[in-house]
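Engineer: Structure incoming, see below.
The values are calculated or read from the model by the stated rules, or taken from the named source; none is laboratory data. All figures in this text were calculated on a predicted structure; none of them were measured in a lab. Cβ placement follows ideal geometry from the backbone for every residue including glycine, while neighbour counts extend to all protein chains displayed. Each accessible area value is taken on the protein alone, full model and side chains, heavy atoms only, with ligands, DNA and RNA left out. Shrake-Rupley method; radii C 1.70, N 1.55, O 1.52, S 1.80 Å.
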Protein chains: 2
Amino acid sequence: MYTRQTTRRIVLGGVAIGGGAPVVVQSMTNTDTRDVPATLAQIRELVAAGCEIVRCAVVDDAAAAALKQICASSPVPVVADIHFDSSLALKAIEAGVGGIRINPGTLRGGKRALERLVAAAKERGVVIRVGANSGSLPRDILERFGGPSASALVEAALMQVRMLEELGFYEIKVSLKASSVSGTIAAYRAFATRSDYPLHLGLTEAGPLVPGLVKSAVAMGVLLMEGLGDTIRISLTADPLLEVDAAWALLRACGVRQRGVEIISCPTCGRAEVDIISMVQELWPQLRAVEKPMKVAVMGCVVNGPGEAREADIGIAGGRGQGVLFKKGKVVAKLAEQRLVAELLRAVEEHINTEQTTG
Amino acid sequence: MYTRQTTRRIVLGGVAIGGGAPVVVQSMTNTDTRDVPATLAQIRELVAAGCEIVRCAVVDDAAAAALKQICASSPVPVVADIHFDSSLALKAIEAGVGGIRINPGTLRGGKRALERLVAAAKERGVVIRVGANSGSLPRDILERFGGPSASALVEAALMQVRMLEELGFYEIKVSLKASSVSGTIAAYRAFATRSDYPLHLGLTEAGPLVPGLVKSAVAMGVLLMEGLGDTIRISLTADPLLEVDAAWALLRACGVRQRGVEIISCPTCGRAEVDIISMVQELWPQLRAVEKPMKVAVMGCVVNGPGEAREADIGIAGGRGQGVLFKKGKVVAKLAEQRLVAELLRAVEEHINTEQTTG
C-alpha cells in the first residue's frame, strides 16, 4: 500500500534523510537554550521517547554559545533554529550542530552573509533546512500568485533552494507551511513534482493539543500515505514529549514505521468497570521508552476485553476489584485490581527479554 | 476540493443524516446511564461543545428505565448502545431514543426477536445502526475471506443490512470497524461502492488521547476528504468532551463544516516569552461553547506574533510582563500580562455580538 517517493539523500549529523531512509522523527526543545542542563535533560527525555533529531531555538549569542555543550552531549544531532541573524548561524555551525533552519531570503547581511554561511556549512557538513511559510511570503511572490497559494509556497521555497544551489550547496531539506490542511497537502504535492530534495513535513501554528494533533495527523497522514515526507515534526502547543508520541503514532498509523508500544484501549463508556483513563495515564510514562514494537491492551471489562483485544501481545482487563492479565486474547492470570498495572509492566518486560533471547 | 458522496437520507430524532445533510457530530457518555442526573449533566456539557447526537450504553433494565428521563430531558437525540439483548432494545425504543445500535446477527432470540424489534423501531421512527467489527466477524465470513479483510467487513455489514431490509426496514446507518487505519479506510471505501446507506465513521479501540486522535484523524480525515462519512464519532480513552473538540477540529481541518473557535497558537519553543500552554488551557473551557466560526490566536512573542497570526480575527501575544491584543494582525491595545486572557475573552464576546447585529 505504501510506496515512498524517491528523494535525494542528505545526512544530518549522521542521520540519513531521504533517498529511501526511514522517515526521521524530530521535535523541538521548549527550554531556554541558554540553560544547558535543562535543555540537555529535555533532549534526553525526547530521545528516550523516540526523537531522532532535536531542534533548539537560538535567539542570541548566549544561546549560540550554549549550543557547544549541548551538541557535545546530545545523543542525537541538533538543529539550530535561527531567524535573520547570519552571525548566530555561523556560531551555531561552529558549535557543532548537524543542521540549521534559516530563510536565506531574509538573512541580514544579504548575499555576502549567505556566502559565508554556506561556506561554513559546507566545511562542517551541515545541512540547511529552507522553507516557505504562508504567513511570511515575499511580497513579489504574493502579488505574482495573487495570495499565499500552494504554487506561491512552492515558488518561494524553490527560490530559497536556488539561492543555495547557486553557491554550490545541495545538502538541503525543504518545508512548506500553509495555514490550512488542504493548503499544506497541495503545497507538498506540488513541490514534489518540481524537486527531489527531501521533505520536512510539518504544520505551522497547529495549535493546542487536540486540534493541533487532528490537523497535523490529517495533513501529514495524507502525505505520508502517498509516500511523501522524509522527516516529520508534529508541532503542538504542548509538552514536546507529546510531539514525539504523536509522530510515532502517525508513522505507525500510516504503516510507515513501527516502534514501541501501541496501546489498544476501549473508548470510555458506561459499561467500563475500571478507570481506564487513569490506568493508561499511569502506564504510559513507563512504556514510552520501549523500542520493540508491541501491542498492549487496557480494557474496561473482563468479559469482552480479552477477546476484543486479541491482537494485543499483552493486555489487562479490569473488573470490580478484580481483573485479568491476558496474552494474545487468552487469560493467563486473575489478579486483584491494584496489582494489574504492576503485573502488566512485568509481562511487558518479560516479552521484551524473551524475544530478544530467542529471536 | 470537497464533494460529498451521495447517500440516502435518514432522520434520527429530528437530525438528518446523509443525503447531503451536514456531517453530524456524535459522542458517547461515560457516566453510569442509571445515574440520570450525572448522565444528563454530561450530555448538556457535550451538547454545549457541539455534540449533536449522544449515545448511552444500556447494560441492564435499570439503565433502560433511566433512558426514559434522559430522552425526555436531553437537548439532542439519544442513541442506545445495546449488545445481544433484544428486550433491552425494545425498552430503549419505548423510552424514546432516536436510534439504537445493535448487531442483528448476534441478537438473542434470533429472527423472532429481531422482527419484534424492527416492528417497534418502525412504529416509533427509530433508526438502527448496524456495523461490522473486525474483532467480532462471524466465523463463516472469516473463513470465506481468509481473515478480517475489508471485503469481509463489507460482507458482514451487508448481511446485517439485508436482515433489516428483508423486514422492510431501511432507516439504517452503517459502521465498519477495522483495527488498523488502512483497513478502516479500505472498508469504508469498499462499502460505499456497494451501498448508499449513510456511513457512521469511527475507529474501534483507538486508544489513549494522543495515538487515538492521530489514528482517528488520519483514517477519518482521508475518508471525509473523499466525501465519505455522514456522521462521525472520534472515540477516545479520554474525557468525551475531547471527542467533541476533536470531531469539530477534524471537520474544520477537512473543510467539511465550520463551528466555533479555531485556536491558532505557536508551537512551544525556547523563544516564547509567556506560558502559552497554560494560557490556552485557561482559555479553551471558556471558548468551547462559542458556535460562531472564528479564529483566535495565542502567540508567544510580541514581535512576530501579531504578524504571523494575521489571519486570526482576534489574538493576544505575550511578552515579559506585557502583551498585546490584536485584530486581523493589527495591534489594538498594549496590556499587562495578567489582563491578556480577560481582554481576549471580552474581545471575543464583542466579536460575536457585533457581527450578529450587523450581519
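Engineer: I need a count of the residues in region B:219-239 that are without any contact (Cβ under 8 Å) to a residue 40 or more places away in the chain and small (Gly, Ala, Ser).
Structural biologist: Looking only at that region, the number is 3.
Engineer: Is one or more of the residues making up region B:17-25 surrounded by fewer than 21 Cβ atoms within 10 Å (Cβ to Cβ) and within 17 Å of B:Ser235 (Cβ to Cβ)?
Structural biologist: no
Engineer: Sticking with this one: How many residues does region B:191-221 contain that are away from every other protein chain (no Cβ under 14 Å), open to solvent by 10 Å² or more (accessible area, probe 1.4 Å) and part of a helix (DSSP H, G or I)?
Structural biologist: Counting residues in region B:191-221 that are away from every other protein chain (no Cβ under 14 Å), open to solvent by 10 Å² or more (accessible area, probe 1.4 Å) and part of a helix (DSSP H, G or I) gives 3.
Engineer: Kindly establish whether A:Ala80 is outside any helix (DSSP H, G or I), assigned by TED's automatic domain parsing to the domain that holds A:Ala16 and surrounded by 19 or more Cβ atoms within 10 Å (Cβ to Cβ).
Structural biologist: Here the answer is yes, as A:Ala80 does meet what is asked.
Engineer: Another one. Output the residues belonging to region A:96-108 that are farther than 14 Å from A:Val127 by Cα and open to solvent by less than 40 Å² (accessible area, probe 1.4 Å).
Structural biologist: A:Leu107, the sole residue that qualifies.
Engineer: Mind checking which pairs have a first residue in region B:105-127 that is closer than 11 Å to B:Phe84 by Cα and a second that is among the charged types (D, E, K, R) and open to solvent by less than 80 Å² (accessible area, probe 1.4 Å), Cβ under 7 Å, 6 or more apart or different chains?
Structural biologist: From residues that are closer than 11 Å to B:Phe84 by Cα, the pairs are B:Arg108/B:Asp85.
Engineer: Moving on to the next point. Quick one: is A:Gly300 assigned by TED's automatic domain parsing to the domain that holds A:Phe326 and open to solvent by less than 30 Å² (accessible area, probe 1.4 Å)?
Structural biologist: Yes, satisfied.
Engineer: Where residues in region A:36-57 are without any contact (Cβ under 8 Å) to a residue 60 or more places away in the chain and within 29 Å of B:Val181 (Cα to Cα), which of them is least open to solvent (accessible area, probe 1.4 Å)?
Structural biologist: It comes out as A:Val54.
Engineer: How many of the residues in region A:307-332 are open to solvent by 10 Å² or more (accessible area, probe 1.4 Å) and either modelled with pLDDT under 90 or not hydrophobic (A, V, I, L, M, F, W, C) (or both)?
Structural biologist: 12
Engineer: Among the residues of region B:44-51, is there at least one that is touching a helix residue (DSSP H, G or I) at 6+ places or on another chain (Cβ under 6 Å) and over 18 Å from B:Gly260 (Cβ atoms)?
Structural biologist: There is no residue in region B:44-51 that is touching a helix residue (DSSP H, G or I) at 6+ places or on another chain (Cβ under 6 Å) and over 18 Å from B:Gly260 (Cβ atoms).
Engineer: Considering only region B:157-169, I want to know if a residue exists there that is in the same structural domain as B:Val23 (by TED's automatic domain parsing), in contact with a strand residue (DSSP E or B) (Cβ under 9 Å, 6 or more places away or on another chain), under 27 Å from A:Gly255 (Cα atoms) and open to solvent by 30 Å² or more (accessible area, probe 1.4 Å).
Structural biologist: no
Engineer: Right, B:Thr231: over 18 Å from A:Cys254 (Cβ atoms), at the interface with chain A (Cβ under 7 Å from one of its Cβ atoms) and either in contact with an Asp or Glu (Cβ under 9 Å, 6 or more places away or on another chain) or not β-branched (Val, Ile, Thr) (or both) or not?
Structural biologist: No.
Engineer: Which residues, counting only those in region B:240-265, are free of Cβ contacts under 8 Å to residues at least 60 places away in the same chain and part of a loop (DSSP other than H, G, I, E, B)?
Structural biologist: B:Gln258
Engineer: Tell me, which residue of region A:183-218 that is out of contact with any strand residue (DSSP E or B) (no Cβ under 7 Å at 6 or more places or on another chain) and without any contact (Cβ under 8 Å) to a residue 24 or more places away in the chain is nearest to A:Ile102 (Cα to Cα)?
Structural biologist: A:Thr193
Per-residue answers, yes or no, for (1) touching a helix residue (DSSP H, G or I) at 6+ places or on another chain (Cβ under 6 Å); (2) within 12 Å of another protein chain (Cβ to nearest Cβ); (3) touching a residue at least 24 places away in the same chain (Cβ under 8 Å):
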residue: B:Gly18; (1), (2), (3): no, no, yes
residue: B:Val24; (1), (2), (3): no, no, yes
residue: B:Thr29; (1), (2), (3): yes, yes, yes
residue: B:Arg34; (1), (2), (3): yes, yes, yes
residue: B:Ala65; (1), (2), (3): no, no, yes
residue: B:Ile70; (1), (2), (3): yes, yes, yes
residue: B:Ser73; (1), (2), (3): yes, no, yes
residue: B:Glu94; (1), (2), (3): no, no, yes
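Engineer: Next up: What are the residues in region B:129-169 that are out of contact with any helix residue (DSSP H, G or I) (no Cβ under 7 Å at 6 or more places or on another chain) and either within 22 Å of B:Val118 (Cα to Cα) or within 14 Å of chain A (Cβ to nearest Cβ) (or both), if any?
Structural biologist: B:Arg129, B:Asn133, B:Ser136, B:Arg139, B:Gly147, B:Ser149, B:Val161, B:Arg162, B:Glu165, B:Glu166, B:Gly168
Engineer: Can you give me the number of residues within region A:59-76 that are part of a helix (DSSP H, G or I), of a type in the set (S, T, N, Q) and open to solvent by less than 60 Å² (accessible area, probe 1.4 Å)?
Structural biologist: 1
Engineer: Of everything in region A:174-190, what is closer than 21 Å to A:Arg9 by Cα and open to solvent by 30 Å² or more (accessible area, probe 1.4 Å)? Give them in sequence order.
Structural biologist: Those that are closer than 21 Å to A:Arg9 by Cα and open to solvent by 30 Å² or more (accessible area, probe 1.4 Å): A:Arg189, A:Ala190.
Engineer: Okay, moving on. A:Leu88 - would you say it is more than 22 Å from A:Lys292 (Cα to Cα), open to solvent by less than 50 Å² (accessible area, probe 1.4 Å) and out of contact with any Gly (no Cβ under 9 Å at 6 or more places or on another chain)?
Structural biologist: Yes; evaluated as a whole, the condition is true for this residue.
Engineer: Further question on the same structure: Residues of region A:30-58 being over 18 Å from A:Ala289 (Cα atoms), in a loop (DSSP other than H, G, I, E, B) and under 14 Å from the mean Cα position of the chain (by Cα), which ones?
Structural biologist: Correct list: empty.
Engineer: Here is a list: B:Ile232, B:Ile263. Which entry is more than 11 Å from A:Val214 (Cβ to Cβ) and either in contact with a Pro (Cβ under 8 Å, 6 or more places away or on another chain) or not assigned by TED's automatic domain parsing to the domain that holds B:Ala152 (or both)?
Structural biologist: Going through B:Ile232, B:Ile263 in turn, the sole match is B:Ile263.
Engineer: When the residues of region B:311-355 are filtered to those that are over 36 Å from the mean Cα position of the chain (by Cα) and among the charged types (D, E, K, R), which remaining residue is nearest to B:Gly300 (Cα to Cα)?
Structural biologist: Ranking the qualifying residues of region B:311-355, first place goes to B:Arg320.
Engineer: Within region A:222-248, which residues are open to solvent by 20 Å² or more (accessible area, probe 1.4 Å) and closer than 18 Å to A:Gly50 by Cα?
Structural biologist: A:Asp239, A:Leu242 - these are the residues of region A:222-248 that are open to solvent by 20 Å² or more (accessible area, probe 1.4 Å) and closer than 18 Å to A:Gly50 by Cα.
Engineer: Based on this model, can you work out whether A:Ile263 counts as open to solvent by less than 10 Å² (accessible area, probe 1.4 Å) and modelled with pLDDT of 95 or more?
Structural biologist: Criteria not met by A:Ile263.
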